[in-house]
1. Relative contact order (percent) for the range 137-259, with alpha-carbon contacts under 8 angstrom and 6 or more residues of separation?
2. Which residue, LEU47, LEU72, LEU348, tops the fluctuation ranking in a GNM of the chain built on C-alpha contacts under 10 Å?
3. So with the 1.4 Å probe, I'd like the accessible area per residue for the range 40-88, rounded to whole Å².
4. So for the chain, taking the charge dipole from beta-carbon charges (+1 Lys/Arg, -1 Asp/Glu), which of THR298, SER202, PHE265 sits furthest toward the positive end?
5. Roughly to the nearest percent, how much of the accessible area of the chain is carbon and sulfur, given a 1.4 Å probe?
6. Lys and Arg at +1, Asp and Glu at -1: add these up for the other residues within a Cβ distance under 10 Å of TYR40 and post the number.
7. GNM on the chain, C-alpha springs below 10 Å: top fluctuator among PRO88, PRO340, PRO176?
8. Which cross-chain or sequence-distant (5 or more) residues have an amide H under 5 Å from the amide H of TYR123, H modelled 1.01 Å from N in plane?
Amino acid sequence: GVIIAAFAVSGVNSCAPYVCMFLVSFESHASEGSRQASLYYKITAFLWITTAMLTSIITPFVETLKTESDSLVPAMYSIFITEMFVGPATQLLDIYGNFQKHILAPRAKSQSLMSSYFQGTIYNLSERYTNITNILFLTFYYAILFPAGFFFASATLGIVYWTDKYCILRVWKPAPAIGNHVANMSRIYFFSTALIFYAVMSSYGFASFPFDNACGGTDPIPDAYIGSFAAERGSGGTADIELTADHKVYRHCNQDMLQYEPTAFPPLPSKQIDPWMTRGQEKFMWIYAYTVLVIAATVIGIILKRSFEIVRSMFVSPFKGHIKTCESKKFDADMGAYLPQGKLPNDLFPVLFCDVSNIDEELIPWVDPENSYDHHNAIYDIEGLAEKPVFSIIGHYPAEK
């Protein structure tokens, strides 16, 4: 039951990046960083829903704290275990990369084609960020109901860190420099949103204890119900029940304050339809509910302020002119120059889109030991194209020695 469901969740999460990449392929972005940021929030939103929210929706409320195989707590164990091992194991196996190296490469008809199979597997930085935020969100969402999730998350993040580090250095193809778009979006929006869910879901978790939809327990049992009875189980069979005068009468009530209409936020004790909270629980919830309200308002305010600054920067320049004197610095000869170039999927080296005959070749940050730079230059693909002002002009003005 829960093991199959956990593997199903892991499988859906593995397919989500490809679906999101297909959607992003229809978008136009000015930079790779912008593209990765767009891919990041799509994958993250998808994984948050399928991994955390969907599990709580399909689990009956009264099954939340039970230990049966179809309850929430065993499901959390299974999901955390699969997140801890399935993803990293798949990365280390690198099935597609090994297929290219050991099956396709020996059968390649040219050296360049064979070499292209050893470039490494392409990876997306947005997908790596998504795995981290998904683990944190799952931990925060069920923090009260499954506090062991913090230990699972700690172990999982450690495994993910070392697995990603090994794959980046030994398995995957080098990724292009994309700037801090994904990091900023993750820090400002997604980590903040996860913190809000942590506070809000914790408050509803405290308020909903003991998750049995049973209220009352003060009225004595009627005399007609005192004695021994044989009751039929819903799953089949019978059960012997013995009731005495010491038992109390309970009635059904709705303890799931998330399902109230209108929504009970914050989940204050005064919003109970049928009181079930203990006196200590009510005192705690009066304090905790207003604390959650302050936390949520503060975090939302920070997000809105940052969003306003981003929108404002589109219309008002943040630049402020200033004059600063400084000593002249010597140019670092080991630092490569910026060149207009592009990368084709099966080529080992980039394609140049400029005339590099007037610059020092040491400024080009890569070297082909077999061919000259003209071999990789698009301006020589068509005869006479190099003389026309079509491509970028690159100049080099070395400092006097």
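The values are calculated or read from the model by the stated rules, or taken from the named source; none is laboratory data. Given the structure is predicted, the values throughout are model-derived calculations rather than measurements. Note: ideal-geometry Cβ built from the backbone for every residue, glycine included; neighbour counts use all protein chains shown. The protein model used for the area step is the full one, side chains on, heavy atoms only, and it has no ligands, DNA or RNA in it. Shrake-Rupley method; radii C 1.70, N 1.55, O 1.52, S 1.80 Å.
1. On the way: 100 pairs, mean separation 31.5, N = 123.
Contact order relative to length: 26 percent.
2. In the Gaussian network model the winner is LEU348.
3. Working: 2190 Å² over 49 residues.
With all protein chains present, the range 40-88 gives 45 Å² per residue.
4. Value: THR298.
5. On the way: 15980 of 25670 Å².
After summing per-atom areas, the C and S share lands at 62 percent.
6. Values: positive: ARG35, LYS42, ARG128; negative: GLU127.
With Lys, Arg at +1 and Asp, Glu at -1, the neighbours total +2.
7. Residue with maximal mean-square fluctuation among PRO88, PRO340, PRO176: PRO340.
8. Sorted by chain and number, the residues that satisfy this are LYS173.
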